[in-house]
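A short write-up of the structure that comes next.
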Amino acid sequence: MRIAERAGAQPMPRHGARVLHYAVFPYSGITALSQLDNDLLLRALNREPVPRTPVWIMRQAGRYLPEYRRIREQAGSFMALCQNPELACQVTLQPVERFRLDAAILFSDILTIPEAMGLGLYFEPGEGPRLKHPVRDERAIDQLPVPDARDELGYVPDAIRLTRRELQGRVPLIGFAGSPWTLATYMVEGESSREFRRIKTLLYDRPELLHRLLSKAADSITDYLNAQTEAGAQALMIFDTWGGALSHEAYHAFSLAYAKRVIKGLTRQREGRHIPVIFFTKNGGLWLEAMADSGADALGLDWSTSLGEARQRVGERVALQGNLDPCALYARPETIRTEVARTLADYGTGPGHVFNLGHGVHPEIQPDHVDAMIEAVHELSPAHHEQR
Ligand code: CP3
């Protein structure tokens with residue numbers, strides 16, 4: 001079985017090196033391309049029984065991997081890498097080839113949408129993303145275009161099609177986008193922010209204007225995610241990285257309401273399968289019950305929330321993904337193993353858990369430590385799924 005093999009031994013064949021056989025199964029209309037060797041992620045997201053807990057990690061393709069840094073240098077810039085489907089595909093596959101992961105996530109960024117809206121995305125070394133033309137007044141908001149996900153953003157579905165071909169059904173491919181609120185924070189602030197001074201001024205002084213911006217963002221994101229599903233994404237994740245910065249009332253009105261609207265507009269069936277949606281509000285632990293009613297199949301949790309308590313609160317409504325503190329990966333491998341055991345025990349037994357970090361892996365983490373985490377999940381999680 002391919003999933004039992006140690007990944008990393010095989011260099012990735014160049015695109016086009018393999019011959020694909022599109023054998024059509026009689027009567028079903030489903031091609032061999034849609035068959036999965038390892039569908040643990042999809043089963044866990046649907047809360048179906050699995051023999052062990054599937055594992056993938058946020059930002060699994062990134063700077064902590066030397067092979068990523070090489071391709072990144074070759075591409076010249078981060079956006080050039082995202083916009084080159086061949087290279088984006090290659091980078092997406094790197095962690096899947098190196099580790100025993102149960103999913104690939106498309107290498108891209110949530111800021112592709114503001115970039116396609118013409119806001120001029122660039123990265124200041126060591127400072128994170130910046131937008132040259134943030135939207136801060138009525139005119140800018142009303143003139144903001146809703147980009148065509150199959151045209152201006154066509155490099156994303158292209159990268160998905162290519163990656164699906166290269167994956168050959170080894171593991172499912174996850175597509176993603178930012179939430180409307182999280183995208184709006186970048187669009188208004190023009191950079192990563194601590195206090196969200198500008199967008200919160202807008203929220204309190206001109207709520208109707210912020211609603212207009214969020215509506216446009218929601219429409220763009222819905223179209224973008226549907227284009228990803230159409231191209232072959234087998235699960236979707238919505239990153240609401242900054243929802244946790246809002247007050248209780250504002251979270252419901254300005255973040256959750258628009259995430260719900262996106263989820264409602266998504267294509268949920270493709271290639272004879274349900275397309276599960278994972279919704280992640282960082283620091284959203286207070287609102288899990290409301291998030292569980294968002295229409296998502298699973299909630300991503302950061303490390304500030306207990307998986308066990310979250311499970312009691314959401315009941316059978318959604319699966320849970322998370323939630324090891326990424327900083328635990330700085331520790332020794334034996335400590336990492338203990339932390340994996342603790343995380344698995346916190347969730348308890350039975351289906352509905354996808355192992356992940358509580359946020360993206362840090363660039364300074366050693367790949368061996370990531371391996372220790374993944375191997376510990378493989379080794380320790382079957383005991384949490386034994387049939388009685
Ligand atoms: O998970 C994966 O492997 C897929 C790739 C992925 C990236 N960004 C690659 C990336 C995903 C899912 C994202 C989402 C993203 N991007 C979010 C939401 C998730 C989260 O982390 O909260 C946000 C807020 C962004 C915006 C963004 N893009 C930031 C804050 C940064 C980091 C800037 C820095 O220098 O650390 C980026 C750039 C980025 N996106 C990098 C990667 C690998 C690093 C850029 C580089 O290689 O130079």
Return the residues of the range 161-194 that are modelled with pLDDT under 95 and out of contact with any Lys or Arg (no Cβ under 8 Å at 6 or more places or on another chain); say none if nothing qualifies. SER192, SER193, ARG194
Could you please let me know if THR53 is within 8 Å of the ligand (Cβ to nearest atom) and within 22 Å of MET237 (Cα to Cα)? no
If a residue has to be closer than 23 Å to LEU42 by Cβ and either in contact with a helix residue (DSSP H, G or I) (Cβ under 7 Å, 6 or more places away or on another chain) or in a helix (DSSP H, G or I) (or both) to count, how many in the range 288-308 make the cut? 11
Which of the residues that make up the range 56-68 are near the ligand (Cβ under 8 Å from one of its atoms) and not polar (S, T, N, Q)? ILE57, MET58, ARG59, ALA61, GLY62, ARG63, TYR68
Would you point out which residue out of GLY360, GLY300, GLY352 is touching a residue at least 24 places away in the same chain (Cβ under 8 Å) and surrounded by fewer than 20 Cβ atoms within 10 Å (Cβ to Cβ)? GLY360
Per the list (1) over 26 Å from LEU288 (Cα atoms); (2) outside any helix (DSSP H, G or I); (3) of a type outside the set (Asp, Glu); (4) touching a helix residue (DSSP H, G or I) at 6+ places or on another chain (Cβ under 7 Å), residue check on PRO351 breaks on (1)
Does the range 231-239 include one or more residues that are free of Cβ contacts under 8 Å to residues at least 60 places away in the same chain, surrounded by 20 or more Cβ atoms within 10 Å (Cβ to Cβ) and either within 16 Å of the ligand (Cβ to nearest atom) or in a helix (DSSP H, G or I) (or both)? no
Find the residue count for the range 307-332, including only residues that are within 20 Å of ALA376 (Cα to Cα) and surrounded by fewer than 16 Cβ atoms within 10 Å (Cβ to Cβ). 5
Could we say that ARG311 is farther than 21 Å from LEU246 by Cβ, touching a strand residue (DSSP E or B) at 6+ places or on another chain (Cβ under 8 Å), in a helix (DSSP H, G or I) and not polar (S, T, N, Q) here? yes
If I ask for residues that are more than 10 Å from the ligand (Cβ to nearest atom) and of a type in the set (Phe, Trp, Tyr), which ones from the range 79-111 would you list? PHE99
Considering only residues of the range 262-297 that are at positive phi and over 17 Å from the mean Cα position of the chain (by Cα), which is surrounded by the fewest Cβ atoms within 10 Å (Cβ to Cβ)? GLY272
Considering only the range 243-258, I want to know if a residue exists there that is surrounded by fewer than 23 Cβ atoms within 10 Å (Cβ to Cβ) and within 16 Å of the chain's Cα centre (by Cα). no
Tell me, which residue of the range 177-199 that is within 11 Å of the ligand (Cβ to nearest atom) and assigned to a helix (DSSP H, G or I) is surrounded by the most Cβ atoms within 10 Å (Cβ to Cβ)? LEU183
Identify, please: which residue in the range 115-160 is on the phi > 0 side of the Ramachandran plot and within 16 Å of the ligand (Cβ to nearest atom) and is, among those, modelled with the lowest pLDDT? GLY126
Index of the failed condition, ILE278 passing every other in (1) out of contact with any strand residue (DSSP E or B) (no Cβ under 7 Å at 6 or more places or on another chain); (2) within 16 Å of the ligand (Cβ to nearest atom); (3) not in a loop (DSSP other than H, G, I, E, B): (1)
Condition first: touching a residue at least 40 places away in the same chain (Cβ under 8 Å) and either within 21 Å of the chain's Cα centre (by Cα) or exposed (fewer than 13 other Cβ atoms within 10 Å of the Cβ) (or both). Now tell me which residues in the range 334-343 satisfy that. VAL340
Taking ARG212 as the residue in question, decide whether it is touching a residue at least 60 places away in the same chain (Cβ under 8 Å), more than 16 Å from the ligand (Cβ to nearest atom) and touching a Ser or Thr at 6+ places or on another chain (Cβ under 9 Å). no
Can you tell me which condition VAL370 does not meet? The list is (1) more than 16 Å from the ligand (Cβ to nearest atom); (2) part of a helix (DSSP H, G or I); (3) of a type in the set (Val, Ile, Thr), and all the others hold. (1)
Within the range 58-85, residues crowded, with 17+ Cβ neighbours inside 10 Å and aromatic (Phe, Trp, Tyr) come out as TYR64, TYR68
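The values are calculated or read from the model by the stated rules, or taken from the named source; none is laboratory data. Nothing here was measured: the structure is a model prediction, and the numbers come from that model. Please note: Cβ atoms are built from the backbone with ideal geometry, for glycine as well, and neighbour counts cover all protein chains shown.
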